[in-house]
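Colleague: My questions will all concern the structure given below.
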Amino acid sequence: MAVQNPYQSYQNNSVTTASPGELTLMLYNGCLKFINLAKKGIQDGNIELKNTNIQKAQNIISELMVTLDSKAEVSKNMMSLYDFINRRLIDGNIKNDITAIEEAEAMVTDFRDTWKQVIQLNRARQHAGNDGRA
């Protein structure tokens, strides 16, 4: 019987048991992590670190784009914003432009913070609606 890394087990369980809203929050957090690693790559002159992590951030943005409901008006607006973020990441990668990457980072941070608030409000509403009576 192989002993699994407890951290890896926790990570796997947190992903498989997360709600769709929590998964979106995880995507935003992952994207920010990769953006920060890419910025470090630029600062350190490590082109491979920069490129690999910008591509990972772009993959997350692409995943967020795919999950949008194309019929909803807000989704069309989000698609444009995600597309802008993706283009800024590409510019940052090609030109080693930290400013472009930081623009993308600021937008992803805003989305993440807003999404986190939505999750917290939904949880508060669920708990308020569940007052323990049968």
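Colleague: Which count do you get for residues in the stretch 22-41 that are of a type outside the set (A, V, I, L, M, F, W, C) and under 10 Å from the mean Cα position of the chain (by Cα)?
Modeller: Result for the stretch 22-41: 5.
Colleague: Looking only at the stretch 101-113, which residues are free of Cβ contacts under 8 Å to residues at least 24 places away in the same chain and either over 15 Å from residue 64 (Cα atoms) or not in a helix (DSSP H, G or I) (or both)?
Modeller: Quick first cut of the stretch 101-113, residues free of Cβ contacts under 8 Å to residues at least 24 places away in the same chain only: 103, 106, 110, 113.
Listed by number, the residues that qualify are 103, 106, 113.
Colleague: Right, something else. Can you tell me which residue is surrounded by the most Cβ atoms within 10 Å (Cβ to Cβ) among those in the stretch 42-61 that are among the polar types (S, T, N, Q) and more than 19 Å from the chain's Cα centre (by Cα)?
Modeller: Let us first name the residues in the stretch 42-61 that are among the polar types (S, T, N, Q), namely 43, 46, 51-53, 55, 58-59.
Restricting the remaining residues to those that are more than 19 Å from the chain's Cα centre (by Cα) gives 43, 46.
Numbers: 43: 12, 46: 15.
That would be 46.
Colleague: Mind listing just one residue for me: the one in the stretch 88-115 that is surrounded by 15 or more Cβ atoms within 10 Å (Cβ to Cβ) and basic (Lys, Arg) and, of those, farthest from residue 20 (Cα to Cα)?
Modeller: Checked the stretch 88-115; the qualifying residue farthest from residue 20 (Cα to Cα) is 88.
Colleague: Report every pair of residues separated by at least 6 positions or lying on different chains whose Cβ atoms are under 9 Å apart, first residue within the stretch 9-34 and closer than 29 Å to residue 51 by Cβ, second at pLDDT below 90 and assigned to a helix (DSSP H, G or I).
Modeller: Qualifying pairs under 9 Å: 23/15; 26/14; 26/15.
Colleague: Report every pair of residues separated by at least 6 positions or lying on different chains whose Cβ atoms are under 7 Å apart, first residue within the stretch 68-89 and within 29 Å of residue 37 (Cα to Cα), second in a helix (DSSP H, G or I) and modelled with pLDDT under 95.
Modeller: Pairs that qualify, where the first residue is within 29 Å of residue 37 (Cα to Cα) and the partner is in a helix (DSSP H, G or I) and modelled with pLDDT under 95, are 68/75.
Colleague: Take the conditions in contact with a Phe, Trp or Tyr (Cβ under 9 Å, 6 or more places away or on another chain) and of a type in the set (Asp, Glu) and apply them to residue 63. Does it pass?
Modeller: Details: in contact with a Phe, Trp or Tyr (Cβ under 9 Å, 6 or more places away or on another chain): no; of a type in the set (Asp, Glu): yes.
Taking the combined requirement at face value, the residue does not satisfy it.
The values are calculated or read from the model by the stated rules, or taken from the named source; none is laboratory data. In this text the structure is predicted, and so the values were computed from the model without any measurement. Positions of Cβ are generated from backbone atoms using ideal geometry, with glycine treated the same way; all protein chains shown enter the neighbour counts.
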